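The values are calculated or read from the model by the stated rules, or taken from the named source; none is laboratory data. In this text, all values refer to a predicted model and were calculated from it rather than measured experimentally. Every residue, glycine as well, gets a Cβ built from its backbone with ideal geometry; the counts of neighbours run over all protein chains shown.
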Amino acid sequence: MILGINRKVILLTFSIILVFGFALGYYIIRYQTRILKLELDERINVLMDNLSTISEYPVLIRDKESITRLTKGVMSQKDIVFCRVEDMSGDFFYEESSEDAGPVSKHSTTIVVKNYIEGIDEDLILGTSKEVTEIIGMIHLGVSHSSLNRKLHNVKMVMAVTIIITIFTTCLTIYILLKRILGRPIYQLVKATENISKGNLKNKVPIGSKDEIGVLAASFNRMIDNLLETTVSKDYVENILNNMRESLLVISPSGLISTVNQNILELLGYTEDEIVNKPVDMIFEEAKDFIKWRDDVSLAKRATIRNRETFYITKDSNKIPVLFSASVMLDPEGSIQGIICVAVDITERKRSESRMQDSLREKEVLLKEVHHRVKNNLQVVISLLSLQSQYVKDQNAIQMLQECQDRVNSIAIIHEKIYHSKDLSKIKLKEYVEDLANNLFVSYKISTGKVRLKLDIENISLGIDTSIPCGLIINELMSNSLKYAFPGNRAGEVEIIIHKMSNGEIGFIFSDNGIGLSDMIDFKDSPGFGFRMIVDLVEFKLMGEIKQIQDKGTKFEIRFKEIV
């Protein structure tokens with residue numbers, strides 16, 4: 001048990017009073033004992049003197065009867081338990097004693113007679129005679145101490161009771177005074193200190209005295225005012241923590257849960273007593289990460305967890321998905337003070353994501369079906385154009401129908417790619433150009449042994465709004481090369497280069513080493529539909545630019561940005 005200051009003062013005062021009380025009682029009892037013994041000795045001495053004088057004549061004449069009466073009279077005296085009268089020869093005239101006398105002290109005195117010689121009558125009157133004494137016997141007395149001891153016992157009892165009552169009264173008085181003067185103010189100061197340590201800064205010390213305790217109380221009150229201005233109370237902080245939407249817990253360096261807020265208690269179904277000071281792995285599967293932090297301070301200083309999806313384990317052993325973050329708290333010396341963990345319940349978000357994924361999969365299936373149907377419809381158009389060309393005799397008309405088929409096919413290939421792609425919003429440009437070029441070679445019955453195709457295309461994915469005009473441009477340029485650049489059995493090469501540039505633009509170079517375009521023809525003012533469509537697609541659809549490069553054969557350079 002911890003003793004307060006007032007109790008310590010009372011205990012010390014009680015000890016001092018007890019010591020002085022017993023010391024005083026000891027000296028008083030000794031003084032009373034000495035007084036009683038002196039009184040007894042004085043009474044015995046007076047009695048012995050009287051006996052010595054009274055017994056002179058009976059002893060001198062050896063009158064035993066008188067001695068017997070004298071002895072019996074002495075024995076009637078209080079505390080006298082033994083009496084013996086004897087002459088000088090050792091013969092006793094009389095002896096009497098009492099039984100069970102207890103402690104006894106023996107006293108003896110002589111019986112003397114006085115004689116006057118050398119002119120007794122005349123000298124006695126003149127006062128010049130010489131006195132001569134003669135011892136004629138001895139008196140022995142035995143004095144009992146029982147009465148003395150009883151008196152001493154009574155004195156001791158009275159003193160003990162007096163000392164105890166005095167000590168009790170004094171201590172009670174001191175206790176009441178100290179409690180009023182010292183104990184109550186100190187208790188109020190202690191309570192104020194405890195409130196401050198708990199973060200409660202509302203209550204002040206109600207002491208207004210002018211002594212040292214009053215000065216200390218005033219200092220405490222000023223300290224509370226300063227703390228109110230510079231800090232927040234524990235209740236305020238706890239109110240913030242308990243009203244957080246997130247679940248919060250603090251883990252001690254030993255791996256135990258030291259602090260929780262109300263949200264995590266409601267989330268997991270525990271009470272505060274059931275979870276505080278328990279191992280963290282009872283609610284958190286990934287607690288092994290914290291063991292690494294605890295054992296390696298250098299790792300702890302830079303180790304954090306941010307927005308990791310994990311699971312909390314409830315009291316019923318159910319798993320709750322949470323978005324988890326954690327960081328280490330270090331004290332000024334750099335030691336681990338604790339690990340603070342914040343988590344948000346994402347159960348509803350997970351359910352929403354699951355519903356969205358299901359809905360997205362349905363939409364993807366539907367969208368793929370749409371692209372597949374569009375591709376099929378475009379194939380029907382291509383088949384109709386092919387069927388129509390069989391009933392046309394004009395070669396120019398047949399060529400126009402063939403060009404229309406190729407253009408429609410370039411669009412159909414895009415929808416086919418989307419249908420087979422995992423990403424419904426992007427087309428891999430390299431695969432698309434390869435398929436488009438191969439279909440054109442087949443369409444114009446050109447052998448790859450005669451005209452070689454060279455492709456240098458970066459792995460670029462483009463949206464459908466950019467891929468369709470890009471495909472139509474490639475279709476027109478390549479169709480022109482396959483139809484006009486290599487007449488007769490002339491062999492050659494067609495090259496397509498597509499790269500993404502540092503400024504975000506896409507650079508597209510198309511070239512062949514055929515006979516080339518006539519110098520008299522400006523492709524931007526060409527009367528043909530193909531070049532006019534290329535210029536319109538580049539400048540107005542892709543918002544890019546196209547230019548012809550004078551080289552052997554035909555060469556065009558196109559720059560554009562992806563349509564967003």
*If Tyr31 satisfies every condition in (1) assigned to a loop (DSSP other than H, G, I, E, B); (2) over 24 Å from Lys114 (Cβ atoms) but one, which is the exception?*
(1)
*Within the range 339-351, how many residues are closer than 20 Å to Lys278 by Cα and either surrounded by 16 or more Cβ atoms within 10 Å (Cβ to Cβ) or not assigned by TED's automatic domain parsing to the domain that holds Ser258 (or both)?*
4
*For the range 44-127, which fully contained helices (runs of 4 or more DSSP H) count at least 3 residues that are among the aliphatic types (A, V, I, L, M) and at pLDDT below 70?*
120-126
*asked:* Given the condition out of contact with any Phe, Trp or Tyr (no Cβ under 9 Å at 6 or more places or on another chain) and over 19 Å from Asn439 (Cβ atoms), answer yes or no: does some residue in the range 542-551 qualify?
replied: yes
*Select from the range 128-157 the residues that are modelled with pLDDT of 80 or more and surrounded by 14 or more Cβ atoms within 10 Å (Cβ to Cβ) and write down the one among them that is farthest from Arg30 (Cα to Cα).*
Gly137
*asked:* For the structure I just gave you, tell me whether Lys319 is at pLDDT below 80 and surrounded by fewer than 13 Cβ atoms within 10 Å (Cβ to Cβ).
replied: no
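Yes or no, residue by residue, for (1) modelled with pLDDT of 70 or more; (2) more than 24 Å from Ile35 (Cα to Cα):
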| position | (1), (2) |
| --- | --- |
| Thr162 | yes, no |
| Ile167 | yes, yes |
| Ile174 | yes, yes |
| Lys198 | no, yes |
| Asn203 | no, yes |
| Val215 | yes, yes |
*Filtered residues of the range 462-509 (kept if touching a helix residue (DSSP H, G or I) at 6+ places or on another chain (Cβ under 7 Å) and part of a strand (DSSP E or B))*: Leu462, Gly492, Val494, Ile496, Ile498
*Report yes if Gly449 is of a type in the set (Gly, Ala, Ser), closer than 25 Å to Glu403 by Cβ and loosely packed, with under 15 Cβ neighbours inside 10 Å, otherwise no.*
yes
